[in-house]
Structure formats: structure tokens, C-alpha cells
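Each reported figure results from applying straightforward, stated rules to the coordinates on display, with no laboratory input. Values in this document were obtained by computation on a predicted structure and should not be read as measured data. Quick reminder, even Gly has a Cβ in these numbers, built from the backbone with ideal geometry, and neighbours come from all protein chains shown.
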Amino acid sequence: MFAFAAISLPVAAATHARPRTHVPSSGPQLKSSTVYVLDETRGEVVLSRQADSALPIASITKLMTAIVVLEAGQPLDEKIPITDQDRTGTRSSASRLEIGTVLSRADLLHLALMSSENRAAHAIARAYPGGVAACVAAMNAKAEALGMSSARFADPTGLDSTNVASGQDLAKLVQAAAKFPAIQQYSTDASYSVPIRRRMVEFRNTDSLVRAHDWNIVVQKTGYISEAGRCLVMKAIFQGRSVVIVLLDSNGKYTRVADARRIRKWMESHPIADDSHGIAR
């Protein structure tokens with residue numbers, strides 16, 4: 001078991017107290033540029049690397065889009081068409097949602113969170129009261145309310161590289177998203193089918209870990225654009241502990257998942273010292 005030297009850490013504003021930090025002298029060998037791991041059960045940061053720098057977050061953005069859409073209280077069964085605006089607003093990405101497809105708000109949220117469907121995310125933002133601009137404004141207001149001081153949102157999909165946040169602020173986003181049962185369900189489903197042109201089309205989760213039977217994932221979201229690299233955020237349960245993991249700019253297509261596995265293996269094989277040992281950076 002690790003030994004830690006006690007130090008005092010500054011505390012943020014009362015409504016956004018900073019977790020204690022437990023960072024051992026050695027940890028797992030990870031290939032993501034930004035790493036932030038919070039043991040939520042104990043209120044301790046156990047791994048941190050470049051976690052206070054704001055970086056592009058790609059489709060992790062969709063967690064915030066989902067939060068503000070759900071908080072707006074619009075009917076989840078309301079039908080929303082995919083239009084040319086949704087194609088124009090996501091023209092740098094491919095989509096299986098053809099123009100003219102009509103799906104419920106719940107279906108679109110499901111596809112946005114699970115398979116990172118950009119037209120779906122754009123459509124629910126377009127249908128937000130006041131449109132896309134109002135949705136983005138609500139996203140920035142919510143980030144401020146959550147104490148995400150580094151976060152800035154310019155679009156609801158994450159295709160815009162000026163959507164940025166730090167690793168520690170993304171942990172706050174994951175914790176907020178995990179309070180919504182719909183986000184938990186939609187983001188962790190392995191697959192989901194919707195009707196397109198009179199046939200059922202199956203979409204699959206972009207995170208392979210949701211299909212691993214030995215993982216208990218509460219909420220997750222992947223992201224990728226060239227400026228952000230491969231990203232992954234999640235909240236999962238390890239040995240009865242609730243753990244939030246943020247990985248940004250992972251080196252390689254499969255590295256973010258491999259890093260998550262390495263973090264879990266390391267945490268399960270290196271239990272954290274009890275509180276009598278103090279806290280350390």
C-alpha cells in the first residue's frame with residue numbers, strides 16, 4: 001500500500017470544492033496526453049496529468065448538449081425531422097441519418113450519446129427553444145453553473161475545435177451527466193436501432209467497453225476530431241468505488257480504451273492508503 005505525505009490543498013469556491021488529491025509517485029504507464037482520475041467515493045484525485053489545461057473535447061460536447069436538452073423539459077416523444085440545416089451544420093462528418101428521416105427526441109438523444117451521431121445532436125439543438133444558438137448559450141451557462149471555468153462551447157456536436165475544457169472540468173461534466181437516468185441508459189447501450197426509409201437501421205456504441213461484461217459503466221462518451229485526438233470520459237464502478245476517468249488526446253485508435261483498462265487494473269491492484277496517511281499531490 002502506498003504511503004503519502006500530508007500537504008494542504010487550496011479549496012475553490014464553496015459550491016465547487018476541489019477534491020483532495022492522492023497521486024502516488026508511480027502509476028500506470030498511460031499514453032493519453034491528459035489524464036484525470038477521480039475516486040468519487042472517497043473524494044480524491046488519484047491520477048492527474050495536464051488536467052488543468054483547456055483542450056478540444058470533440059464529441060464529449062454531446063454530454064452537455066444532452067444535459068441542457070433534458071433540462072429544457074421538451075417532450076422526449078416529440079418527432080423531429082433531419083433537415084438540410086443538420087447536414088450543413090455537420091458537413092465535415094458522415095452520417096447515416098438521411099435528410100427527411102423523422103425520429104423522436106429520445107431516439108436522437110440516444111444516437112447522439114451512444115454512436116456520436118452528429119446530425120442527431122444538431123437536430124435536437126435546432127429543436128431547442130430558440131434554436132442552436134440558444135442551446136449553445138445554455139451549454140455555456142450550464143458549464144459556468146457547474147464551475148467548469150475552462151469550458152467553452154461553440155456548437156452542440158463537438159465538430160468545432162473551439163469547444164474546449166480541462167480534464168478536471170470534464171470530470172464535473174461527467175458527474176453532472178450521471179445524474180440523468182436517460183443519459184446513463186443512452187450512453188451505455190451497446191446498440192440501438194431506428195427506422196430509416198421503412199427499414200430498421202442498427203447503430204453501435206463507439207465505446208467498446210460497454211460490450212465488456214466485466215465493466216460496470218454508469219455513463220460514458222467518446223470523442224474524436226483531428227484537433228482533439230481520441231478522447232474518452234466515463235464514470236464506472238470498480239470494486240464498489242465510483243470512479244470518474246477523463247482521457248484526452250490518446251495516442252492511437254485503441255489507446256483510450258487500453259488506458260482505461262490500465263487505470264482500472266492499477267486501481268484494483270493498488271488500494272489507496274487510508275485517510276490517516278494524509279493527502280499528497
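The shape of segment 14-277 can be summarised by an equivalent ellipsoid whose semi-axes, obtained from the alpha carbon gyration tensor, come to 31, 19, 16 Å from longest to shortest.
Close amide H contacts of L55 (hydrogens built in the peptide plane, cut-off under 5 Å, sequence separation of 5 or more or a different chain): A165, S166.
Most tightly packed first, judged by the mean number of other beta-carbon atoms within 10 Å of their residues, the peptides 145-153, 187-195, 160-168, 104-112 read 104-112, 160-168, 145-153, 187-195.
Per the Cα gyration tensor, segment 76-126 maps to an equivalent ellipsoid with semi-axes of 15, 12, 8 Å, ordered largest to smallest.
Computed from backbone phi with θ = phi - 60° and the Karplus coefficients 6.51, -1.76 and 1.60, the 3J(HN,Hα) list for segment 257-264 is 5, 5, 5, 4, 5, 5, 5, 4 Hz; x is used for glycine and proline.
The phi-based Karplus calculation (6.51 cos²θ - 1.76 cosθ + 1.60; θ = phi - 60°) puts the 3J(HN,Hα) values of segment 100-105 at x, 4, 10, 10, 6, 4 Hz, whole numbers, x for Gly and Pro. Within the shell of other residues whose beta carbon sits under 12 angstrom from the beta carbon of T83, the net charge comes to 0, with Lys and Arg scored +1 and Asp and Glu -1. For the chain, lysine pairs separated by 8 or more sequence positions, or belonging to different chains, with Cα-Cα distances below 19 Å total 18.
Rounded to the nearest 500, what is the chain's calculated 222 nm mean residue ellipticity when only DSSP H runs of at least 4 contribute -39500 (n - 2.57) each, over all residues? Before the final figure, lay out the partial values.
Working: 8 runs with 85 residues, N = 281.
Using -39500 (n - 2.57) per qualifying helix, the result is -9000 deg cm²/dmol.
Computed from the alpha carbon atoms alone, the convex hull of segment 123-281 holds 157 Å³ per residue.
Near the amide H of S104, within less than 5 Å, lie the amide hydrogens of I80, all on another chain or at least 5 residues away, with H placed in the peptide plane.
Positive contributions from Lys and Arg (+1) and negative ones from Asp and Glu (-1), summed over other residues with Cβ under 11 Å from the Cβ of A138, come out at -1. Under the criterion of Cα pairs below 8 Å and six or more residues apart, the relative contact order for the chain equals 28 percent.
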